[in-house]
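Coordinate-derived values only; no laboratory data. Since the model is a prediction, treat every value here as computed from it, not as a measurement. Here the Cβ positions follow ideal geometry from the backbone for every residue, glycine too, while neighbour counts run over all protein chains shown.
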Amino acid sequence: MLKRPSQLAKLLVNQSSAESVTPDITKSTTQYTSAATSKPSIQRRHLLQGILAGAASVGMVASTEAQTKPVRAVAEVSIDSAKWSPRNRELIEALIAKHGNTSKKYSAKRRPYAVFDWDNTSIMNDCEEALLMYQINTLSFELTPTEFSAIIRQNVPAGKFIADYKNAAGNVVDLESICSDLDADYAFLNANFKLMNGNKSLEEITQTEQFQDFRAKLYFLYEAINDTHGVAVGYPWIIYFFTNMSVTDLSKLAEASNDANLGMSLIKTKYTSPVTLSGKAGVITTSHFHGIRLATEIASLMSAFRTHGIDVYVSTASLEDVVAVFATQPKYGFHVERQNVLGLRLEKDGEIFKNVYCKDWPINWGPGKSEVIKRELVAKKGYGPIFVAGDSDGDYDMLRDFSDTELSLVVNRLKKGKIGELSKQAADNLAQLHPRFVLQGRQESTGNWLPAETTIKYGKAVPALLA
């Protein structure tokens with residue numbers, strides 16, 4: 001059923017109102033919700049009235065053409081309102097109505113599809129980074145000291161990191177100094193931890209200064225490599241630590257990490273290496289954002305897509321096998337088919353992972369995500385996704401590269417850079433009936449979405465629309 005002009009105006013006015021008050025919004029969520037329903041500015045109201053009046057003058061409001069349909073198109077298509085921005089929810093319902101199996105134009109031989117990023121889109125926080133910290137805290141490595149020493153240096157350019165990566169003395173840390181300290185730490189842990197070659201329990205070994213030094217410096221090294229040399233170096237580097245594990249063993253480790261992180265508080269924790277083990281790199285401090293939360297709205301949207309004959313794919317910059325545990329296991333609620341998870345890949349010797357990135361497989365980040373979609377999906381289907389969801393610069397390309405994509409959802413992390421450009425475009429188009437890009441807000445202290453385009457950053461109390 002077509003939405004009447006008065007209903008459509010109300011929808012747009014309410015949405016416009018929510019954003020027009022963002023700069024002066026109060027600090028509590030309750031006050032924010034109240035403010036979001038206040039009256040729009042006269043200028044915004046005139047803009048909206050002009051849009052509606054112009055549409056009515058040419059018969060657009062009553063038109064049944066796809067590009068002029070009001071947002072909610074058919075009663076049969078409905079997704080759980082949950083904590084969706086109301087506008088985003090209705091735009092997605094209209095998209096499903098147009099392309100799903102309730103549409104007269106639907107063809108099972110040309111099934112439409114949607115693509116979702118995983119980390120910080122389908123879940124709150126990053127499961128690969130959470131797994132690295134879990135792997136460190138449980139010393140879940142299948143590496144000899146010699147293998148570990150080679151992997152922490154693998155494909156990483158020698159020399160100093162960028163100026164942000166200083167030790168407590170104010171000196172910029174270099175690769176060889178911190179790797180030398182880690183070599184000594186790992187040799188001690190390997191010789192003393194009972195699941196390696198020693199007799200100390202996990203509780204005992206994690207109380208040692210060598211472990212404290214190892215945890216702080218290995219995570220510091222991961223951050224320093226990514227920020228200095230980029231994800232083309234850093235993202236393969238982090239997955240080389242799975243070397244010598246079987247697919248089954250890694251899946252169990254990833255599941256244990258997922259479950260542990262889902263049970264943790266969302267908290268940013270600083271780790272400082274012991275003064276007594278300053279070594280060559282000196283005393284360093286790093287931080288990690290602990291905890292993961294499920295974006296249940298994404299899980300229910302995936303279900304709605306499948307129910308209406310629209311296939312669901314995940315495109316991730318984490319190891320494909322790690323995300324597959326999260327995306328496919330019924331207990332997490334996403335129910336993605338294993339073959340529909342596309343991510344980073346390692347070479348294997350049978351079922352055993354090697355510290356070799358898969359030959360001729362793109363780094364599934366940025367332009368690489370679009371390349372993989374073109375190779376694995378567009379080339380086989382003959383068309384692109386109708387819907388794409390992401391949150392970062394790594395998703396920028398796939399959010400905008402496909403002409404078949406009618407709606408791109410940006411989970412609003414208040415980022416600058418390339419994703420900030422798309423966020424601004426979405427913010428500028430809040431009054432449009434049929435935008436290409438939309439923002440979805442969340443509250444980072446809880447990991448839950450907000451029913452708005454604005455986000456409350458971790459450690460903040462005031463919602464914001466843009467960085």
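Provide Arg413, Arg111 in ascending order of the number of other Cβ atoms located within 10 Å of each residue's Cβ, fewest first.
Arg111, Arg413
Explain nothing, just compute: Karplus ³J(HN,Hα) = 6.51 cos²θ - 1.76 cosθ + 1.60, θ = phi - 60°, for every residue of the range 103-118 in order, whole Hz, x for Gly and Pro.
8, 5, 8, 5, 10, 5, 7, 9, 5, x, 8, 10, 10, 10, 5, 9
Let's see if you can work this out: charge +1 on each Lys and Arg Cβ, -1 on each Asp and Glu Cβ, no other charges. What is the dipole magnitude of the range 126-290 about its Cα centre, in debye to the nearest 20? Show your work: numbers first, answer last.
On the way: 11 positive and 20 negative charges, 57 e Å.
Charge dipole of the range 126-290: 280 debye, to the nearest 20.
Can you tell me how the range 126-290 classifies by the Cα gyration tensor, rounded, prolate or oblate, using a/c under 1.5 as the rounded cut?
The shape class here is rounded.
Count the lysine pairs in the range 126-290 that are 8 or more places apart or on different chains: how many have C-alpha atoms under 17 angstrom apart?
Close lysine pairs under the 17 Å cut-off: 8.
With θ taken as phi - 60° and the coefficients 6.51, -1.76 and 1.60, list the Karplus ³J(HN,Hα) couplings across the range 134-146 in order, rounded to whole Hz; mark glycine and proline as x.
5, 4, 5, 5, 9, 6, 8, 10, 10, 10, 6, x, 5
Give me the percent relative contact order of the range 281-409, please, defined on Cα pairs under 8 angstrom at least 6 residues apart.
Relative CO of the range 281-409 lands at 16 percent.
Amide H to amide H under 5 Å from Ser287: which residues, 5+ apart in sequence or cross-chain, H placed 1.01 Å off N in plane?
Tyr271
Alpha carbon centre of the range 218-247 versus the range 104-129: separation in Å?
Using only Cα atoms to place each centre, the spacing works out to 25 Å.
Pairs of Cα atoms under 8 Å, at least six residues apart: use those to get the relative contact order of the range 221-313, whole percent.
19 percent
Over what distance in Å are the Cα centres of the range 386-449 and the range 172-195 separated?
41 Å
Given a cut-off of under 8 Å on Cα pairs at least six residues apart, what relative contact order in percent is computed for the range 126-290?
It rounds to 30 percent for the range 126-290.
Please list the non-local residues whose amide H lies under 5 Å from the amide H of Lys280, H modeled 1.01 Å from N, same-chain partners needing a gap of 5 or more.
So Lys280 has HN proximity to Asp181.
Which lysines have a Cα lying under 22 Å from the Cα of Lys381, excluding residues fewer than 8 positions away in the same chain?
List returned: Lys98, Lys104, Lys105, Lys109, Lys369.
To the nearest 20 Debye, how big is the dipole of the range 191-234 about its Cα centre, given +1 on the beta carbon of each Lys and Arg and -1 on that of each Asp and Glu? The partial results should precede the final answer.
Details: 4 positive and 6 negative charges, 34 e Å.
With only Lys, Arg, Asp and Glu charged at Cβ, the dipole is about 160 debye.
Enumerate the amide H contacts of Trp449 below 5 Å, restricted to partners 5 or more residues apart or on another chain; note that Pro and chain-start residues carry no placed amide H.
For Trp449, whose amide H was placed from the backbone, the distant partners under 5 Å are Gln443.
Please list, in order along the range 363-368, the HN-Hα scalar couplings obtained from phi with the Karplus expression 6.51 cos²θ - 1.76 cosθ + 1.60 (θ = phi - 60°), rounded to whole Hz, x for Gly and Pro.
5, 7, 8, x, x, x
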